[in-house]
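**Student:** My structure is below; once you've seen it, I'll send some questions.
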């Protein structure tokens, strides 16, 4: 599911004045999205009951955490969720207001 608002969230965009592209802010927005997705994956993983024939080891928990982090980063890089774009526009709007 991709969040795709029909109009831009930044009022300056609607008037046709786009601010300069800022790669540092875009990078921060993607990192925020990756952290959000990682937290979401962690919350979903907690809903799965643990147990089974072989108990989960510390190494397995560490590997799952690393795998979740990598998956979250790849999902954020794909820009399918659209959260990074919203955060990016908000950060630009906030910076312009100062």
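**Student:** Evaluate the following for residue 34: is it at pLDDT 95 or above and either in a loop (DSSP other than H, G, I, E, B) or surrounded by 14 or more Cβ atoms within 10 Å (Cβ to Cβ) (or both)? Walk me through it before giving the result.
**Tutor:** Values: at pLDDT 95 or above: yes; either in a loop (DSSP other than H, G, I, E, B) or surrounded by 14 or more Cβ atoms within 10 Å (Cβ to Cβ) (or both): yes.
So residue 34 fits the description; yes.
**Student:** Quick one: which of 24, 12 is part of a helix (DSSP H, G or I) and modelled with pLDDT under 90? If you could, list the steps in order and put the result at the bottom.
**Tutor:** Values: 24 fails: modelled with pLDDT under 90.
Of 24, 12, the one residue that is part of a helix (DSSP H, G or I) and modelled with pLDDT under 90 is 12.
The values are calculated or read from the model by the stated rules, or taken from the named source; none is laboratory data. Model, not experiment: these values are computed from the prediction. Note that we place each Cβ from the backbone using ideal geometry, even for glycine, and neighbour counts take in every protein chain shown.
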